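J.: Could you have a look at this structure, given as C-alpha cells, before my questions?
Readers should treat all values here as calculations from the given coordinates under stated rules, not as data from a laboratory. Keep in mind it's a predicted model, so treat the numbers as computed, not measured. Here the Cβ positions follow ideal geometry from the backbone for every residue, glycine too, while neighbour counts run over all protein chains shown.
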Amino acid sequence: MGSIESLMDQAPDLLMVYGTRVLLAIVIFIVGRWLAKSVAKGVSKVLVKRQMDQTVVGFVANMVSAVITAFTFIAVLGQLGVQTASLVAVLGAAGLAVGLALQGSLSNFASGVLLVVFRPCKAGDYVEAAGVAGTVEEISIFSTTLVTPDNKRIVAPNSAVMNGVIVNYSAKERRRVDMVVGVSYDADLRQVKEVITDVVTSHELVLKDPEPVIEVLELGASSVDFVVRPWVKTADFWTVRFDLMREIKLRLDQENIGIPYPQMDVHVKALPEQG
C-alpha cells in the first residue's frame with residue numbers, strides 16, 4: 001500500500017520529466033521533417049536553375065531528405081532516453097555486413113553520385129561509355145540507360161560508366177568534320193583544292209568561323225590525299241559529312257579528276273623448261 005502511495009506522490013515529477021522529454025521528442029520530429037522537406041525543396045530549386053536533369057534533381061533531393069530524416073530519428077531516440085551510441089554501433093555493424101554483401105551495388109550507387117556531381121554527361125547527350133555508344137536516356141541510382149542509333153536500349157552499370165573513358169559528342173556546340181579525299185597523282189593540286197573548297201564553302205550548314213582547312217595531307221602509295229576539315233554545329237555533323245562526301249565525288253567527276261584505287265602490278269616469270 002505504501003509503495004502505491006509513494007508512486008502516486010512521485011507521479012507529478014515523473015510526468016513532468018518524461019512528459020517534457022516526449023514533448024521535446026515530438027517537437028524535434030516535427031522540426032526535422034519540416035527541415036528535410038525544406039532543404040530538399042531548396043536543393044531541387046538550385047539544381048533546376050543549373051539546368052540539371054530532372055532525374056538527377058530527384059535523386060539528389062531524395063538523398064538529402066533521407067540523410068536529414070535519419071539524423072532526426074536518432075535525435076528523437078536520444079531525447080527519449082535510448083542509448084543512441086549503442087544504436088549507431090549496431091546500425092554501423094549491420095551496414096558493414098550489408099555493404100560487404102552488396103559491394104557491386106554500392107559501387108554503382110557511389111558512381112551514380114559522382115555522375116550527378118561531376119556531370120560528364122546528361123540526358124540527351126550522345127556518348128561513348130562502358131564500351132558502348134548511344135544517347136543518354138536516363139541516369140538512375142544504379143545504372144545509366146543509353147539508346148543506340150539503331151534504337152537498341154542499353155543499360156550500363158554506373159561503375160562501368162564512371163570508371164572508364166567517357167567521350168561526350170554533344171558537350172560542345174561545334175564539331176569538326178574530318179574527311180580524307182584521295183586524288184590521282186596526275187591531277188592538278190591547285191584545281192583539286194579549288195573544287196573541294198567551293199563544295200565545302202557552298203554548303204549552308206558549314207560554319208564560316210573557324211574557316212575550313214583543306215590541304216594536302218599525304219603523298220600516299222597510289223593517291224595524293226587531301227584533308228578536309230570544316231566546322232559545323234554538333235547537331236548537323238552527320239548531315240554535313242554525308243552531303244560533302246557525295247558532292248565532292250560528283251564535282252571531281254565533273255572536272256575529270258580521278259580518284260584512284262589501290263593497284264598492284266603482277267610480273268609473271270616463266271619457269272625454266274624441264275628436260
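J.: Normalise the Debye intensity by I(0) for the stretch 120-168, one equal point scatterer per Cα, no solvent, then take log10 at q = 0.29, 0.32 Å⁻¹ and round to two decimals.
T.: Summing over Cα pairs of the stretch 120-168 leads to -1.17, -1.43.
J.: Counting other Cβ atoms within 10 Å of each Cβ, which trypsin sites (Lys or Arg not before Pro) in the stretch 154-215 have at most 16 and sit in a DSSP loop?
T.: On the way: sites: Lys172, Arg174, Arg175, Arg176, Arg190, Lys193, Lys208; in loops: Lys172, Lys208.
Taking the stretch 154-215 and a limit of 16 other Cβ atoms within 10 Å, the loop trypsin sites (Lys or Arg not before Pro) found are Lys172, Lys208.
J.: Could you give the Stokes-Einstein D for the stretch 167-275 in µm² per second, using the C-alpha Kirkwood radius, 20 °C, 1.002 mPa s? Mind dumping the intermediate values first?
T.: Working: Rh = 15.8 Å.
Value of D from the Cα-based Kirkwood radius: 135 µm²/s.
J.: About its Cα centre, what dipole magnitude does the stretch 120-168 give when the only charges are +1 on Lys and Arg Cβ and -1 on Asp and Glu Cβ, stated in debye to the nearest 20? Display every interim value, and only then the final one.
T.: On the way: 3 positive and 5 negative charges, 14 e Å.
In total the dipole reaches around 60 debye.
J.: Next question, about the same structure. Are there any GluC sites (Glu not before Pro) in the stretch 104-180 that are in a DSSP loop and have at most 16 other Cβ atoms within 10 Å? List them by number. Working shown, then result.
T.: Numbers: sites: Glu128, Glu137, Glu138, Glu173; in loops: Glu173.
Those satisfying the criteria are Glu173.
J.: What GluC sites (Glu not before Pro) does the stretch 176-228 have in DSSP loop regions with at most 13 other beta carbons within 10 Å? Let's see the in-between values first.
T.: Values: sites: Glu194, Glu204, Glu215, Glu218; in loops: Glu204.
Sparse-neighbourhood loop GluC sites (Glu not before Pro): Glu204.
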